[in-house]
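Where a number appears in this text, it was derived from the coordinates with a stated rule and is not lab data. All values derive from a computational prediction rather than experimental measurement. Cβ placement follows ideal geometry from the backbone for every residue including glycine, while neighbour counts extend to all protein chains displayed.
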Amino acid sequence: MTARSMRFSRRQALKAAAVTAGAAALPSFTGCGMFGKSEESKVVMGYGLSLVQLDPHRNENMVHESVLRNMYECLITFSRDLKKFDPQLATEWKRLDDKTTQFKLRPNVKFHNGEPFDAEAVKFSIHRMLDPKTGAPLLSTYTIIDHVDVIDSMTVNIVTKTPDPAILPRLTGFHTIIVPPKYFSTASKEDLATKPIGTGPYKFVSWAKDQDLVMEANKDYWGGAPKIQKVVVKGIPETQTRVSALLAGDVDIIPAVPPDDMDRISKSGKTRIASIPGNRIVFFALDCRSKPFDNKLVRQAVNYGANLDQIIKTVLGGNGTRVGTVLNPWYAGYEAVVQPMPYDPEKAKALLKQAGYPNGVEFTFYGTQGRVSKDKEVIEALVGELAKVGLKGNLKWLDWGTAFSQASAGKLDGIWFRSWGNFMHDADLSLFTNFHSTSMYAKVWQGYTNPKLDQLLEASRVEMDPAKRAALCTEIQKILQDDCPYLWGYAIQDIYGINNRIKWEPRTDEKILYSEMTLADQKA
Amino acid sequence: MLTYILSRLLQSVLVILGVLLLVFFIVNLTGDPVRIMLPPEANQEDVERLRVQMGLDRPLPEQFVRFLGGAMHGDFGESLRYRGQPALRQVTQRFPATLQLAGATLFWSLPAALLLGTIAAVRRNSALDNLAIVSALLGQSLPSFWLGLMLILTFAVQLGLLPSSGYGEPRHVILPAFTLGAFFMARNTRLIRSGMIEVLEQDYIRTARAKGVRERLVVVRHAIKNMAIPVVTIIGLDIGQLLGGAVVTETVFAWPGIGRLAIDSILNRDFPVLEADVFFIALAFVGINLLIDVGYTWLDPRVRVR
């Protein structure tokens, strides 16, 4: 090779490199020109998490449920005020006996792929969810259901293993969603995880991972076609970007607004804040096996000395509601008898003294971050408040996975952060699961048992008379407030940022139903 | 020449094998994926069921043999999080977005660095030089997290010119590419400037000037070419780094690239996807560097003789 030709090829190599780099970038700058928004009725949602997979029976978290509820339906659903059950795919229902409930199904309903909805679909769906191979994450909540009997093509009986006073709220649960049997028994696992087909008011159009999911209105929906024609779901992990996207008009609704950004959103002139008491309750578990919280008096002292009202006011800007134990006021089984424990630092100090800790006591406070809004700040403030009455917590941060596996091995001592969401809005799911001596939380995590409490929990679980059941739940809560296995906390506030061009009010049950939305200038 | 390429190829294979070994044992020692996947309301029974389903109850050596066997033909198993979906597919689905961002980033930052660096070197200690140095310092020291948010606030919220985040339309790439490119532009400007200064002091440049070659030609024909070798090396590393995804920029702009996937799979202990992701990134990095090494032999004949 001569020197000249060598030089030439070197130059060529450099040129080729430049051209390649340019070519890779070029597609991104061609075909511009989508400026200005068209006037179609479209809503863009900006969630904080990206969607992972769309098979409803393997649903992962609230964001998935929030999206999929618009494409899939259950037999029945909670009314907006959570006071009654509305028909969804069932039109009427009655109890045949303590274990059997009969449902008449809605006629002439078709899945989005044309498959007819009938009794076989109900049987297939519930049995699929109950099959451990399906991998429903909260299967244990549903295993009380034994099987589904097909009576005729439009009637089913749902039979439980034991009497179940909570069968109706249970059947509003997301895992009891009804899927088309033919599609779900023939499609590949990957299709099931990426292309949902249900009966709901919105039909799936497209989705690419970590990108937009697009839905369109189901014109043949049994409840009438929804007003918003197109819904786009975005996952924006960075909170500040999400708030900016709302302010810039790129997205129309964002859930989980940080309290610090509420002002910016409500003062922008184009967006507003809607806030509503949420379903998730934050509390702090105490290790009842080891010192100092093996002593009931110390556990009571924590509750009197926590000053949570002040923390909610200053740290959360008032966005939280104190609760007496772990129940929200609207749960079935709740009576307004058990009130939040008052802040009483003198009583806390006296209790500590009585327990044999006149000079205060030290313990470990395990914190986790990022589970609910401002949890880190709340925990830090709480440690400060408790120290004032002589309860000196040594703060130790754990990531959620580590905290959970240590707790599951019974290795956490002192006090630690927890939270609980109750999708059934029924006291049993919160009380029995957390406090019965056989439950993982009471037994393994905390070592908390109370035989009297066990009896009451077992009785309320099968008590079919609502009034008697509520009385039992109240008695249970009174014991809990005396025993104080937790530092009772607060219900979080759900805060949404909404573009003013959308008419929509949030719901207490965290559902975001796009069919409940209209454009501000659209007739409802 | 051929032995040189072959030996580099062999080294590359060994590097990738080493990476696979490391990543498998590191991820398997860091904790339990099942707990993180399940909601807090799940009980021990739910946990055990899922663990058996995913094969996480088997002994580690058995899991490793299965892993290596699969990795040989690109099968990393099913994602734990994206259940029922192949792990490697999660990576390849997101690669076009990473490629687009990398391409757009290099497309503006490389010419900008070349221009700024060269001008700064030629007009050393002038106002232009100082400007270049200050902007390089800024570009390197501004955290991309902050820069990204500021750009969003300015161009999306205040001016409404560009989308705040997302992927799909061409204009979506502009802000992330600028954010990401600021660092590369800054670093390369400094490298090119100091490389140029060194070259401009060489004897052959003085000779060229003495011959009466115009200054512009001296710089373009003689100096830039001789400065190219170290710069090409750096660019190779840049490309490798860019193809590995940009975690912060991708997160700030909700860009669906493989950097974010890597972080998500670490946080969710999604071993198969993390393994596939690291494998893919290692492959891209090693591949680019192999190309660059071979490319030297074209740029600089001395390398071949070695």
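The angle separating the long axis of helix A:345-354 from the principal Cα axis of greatest extent in chain A is about 60 degrees.
Charge tally around B:Ala121: other residues with Cβ under 13 Å, Lys/Arg +1 each, Asp/Glu -1 each, net 0. Among A:Ile151, A:Ile254, the order by Cβ neighbours within 10 angstrom, fewest to most, reads A:Ile151, A:Ile254. Only Cα pairs under 8 Å and 6+ residues apart enter the sum, and on that basis the relative contact order of the stretch B:145-229 stands at 19 percent. Quick check on chain B: what does the Kirkwood estimate of hydrodynamic radius come out to from the alpha carbon pairs, in Å? Its Kirkwood hydrodynamic radius stands at 22.3 Å.
By definition, a body whose alpha carbon gyration tensor gives a ≥ b ≥ c is oblate when a/c is 1.5 or more and a/b is not larger than b/c, and the stretch A:193-247 fits this oblate description. For the stretch A:182-297, the tally of Lys pairs with Cα-Cα distances below 15 Å comes to 9, considering only residues 8 or more apart or on different chains. Computed over all pairs of different Cα atoms, the Kirkwood value for the hydrodynamic radius of the stretch A:379-501 is 16.8 Å.
Among B:Pro230, B:Pro86, B:Pro59, the largest mean-square fluctuation in a Gaussian network model of chain B (Cα springs under 10 Å) belongs to B:Pro59. For chain A, the mean residue ellipticity at 222 nm estimated from helices alone is -9000 deg cm²/dmol, where every DSSP H run of n ≥ 4 contributes -39500 (n - 2.57) and the total is divided by all residues, rounded to the nearest 500. Between amide H atoms placed 1.01 Å from N, distances below 5 Å from A:Asp494 occur with A:Ile276, A:Gly278, all of them 5 or more places distant or on a separate chain.
Here A:Glu380 and A:Ser275 are evaluated by their C-beta separation; at R0 = 22 Å the FRET efficiency comes out at 0.40. Fewest-first ordering of A:Arg264, B:Arg66 by other beta carbons within 10 Å of each residue's beta carbon gives B:Arg66, A:Arg264.
Within straight-line reach of B:Lys225, meaning a Cα separation under 18 Å, sit the following lysines at least 8 residues removed in sequence or on another chain: A:Lys15.
Look at the Cα gyration tensor of the stretch B:156-306: its axes a ≥ b ≥ c give a/c of at least 1.5 with a/b at or below b/c, and that counts as oblate. With θ taken as phi - 60° and the Karplus curve 6.51 cos²θ - 1.76 cosθ + 1.60 applied, the whole-hertz 3J(HN,Hα) list for the stretch B:224-239 is 4, 5, 6, 7, 5, 4, x, 5, 4, 4, 4, 4, x, 5, 4, 4 Hz, x standing for glycine and proline.
With the charge dipole of the stretch A:235-374 set up from +1 on Lys and Arg Cβ and -1 on Asp and Glu Cβ about the Cα centre, the Cα lying farthest toward the positive end among the listed residues A:Pro358, A:Leu286, A:Ala274 is that of A:Pro358.
Note on the stretch A:57-156: Rg/Rh from Cα positions, Kirkwood definition for Rh, rounded to two decimals, is 0.95. If you plug the beta carbon distance of A:Gln354 and A:Trp400 into 1/(1 + (r/R0)^6) with R0 = 30 Å, you get a FRET efficiency near 0.25.
The ranking of B:Val15, A:Val323, A:Val43 from fewest to most other beta carbons within 10 Å of each one's beta carbon is B:Val15, A:Val323, A:Val43.
Cross-link reach is defined here as a Cα-Cα straight distance under 18 Å, omitting same-chain residues fewer than 8 places apart; for A:Lys468 the aspartates and glutamates meeting it are A:Asp98, A:Asp164, A:Glu335, A:Asp426, A:Asp428, A:Asp454, A:Glu458. For the stretch B:119-159, what class follows from the C-alpha gyration tensor (a ≥ b ≥ c being the square roots of its eigenvalues): rounded when a/c is under 1.5, otherwise prolate if a/b is larger than b/c, else oblate? Prolate, since a/c reaches 1.5 and a/b exceeds b/c. In order along the stretch A:270-275, the phi-based Karplus estimate (6.51 cos²θ - 1.76 cosθ + 1.60, θ = phi - 60°) of 3J(HN,Hα) comes to 10, 10, 9, 9, 10, 10 Hz; Gly and Pro are listed as x. The reciprocal of the average 1/r between distinct C-alpha atoms defines the Kirkwood hydrodynamic radius, which for chain A equals 25.7 Å. Filter the trypsin sites (Lys or Arg not before Pro) in the stretch B:190-268 down to the DSSP loop ones having no more than 14 other Cβ atoms within 10 Å, then list what survives. Those that pass, being in a loop and sparsely packed, are B:Arg214.
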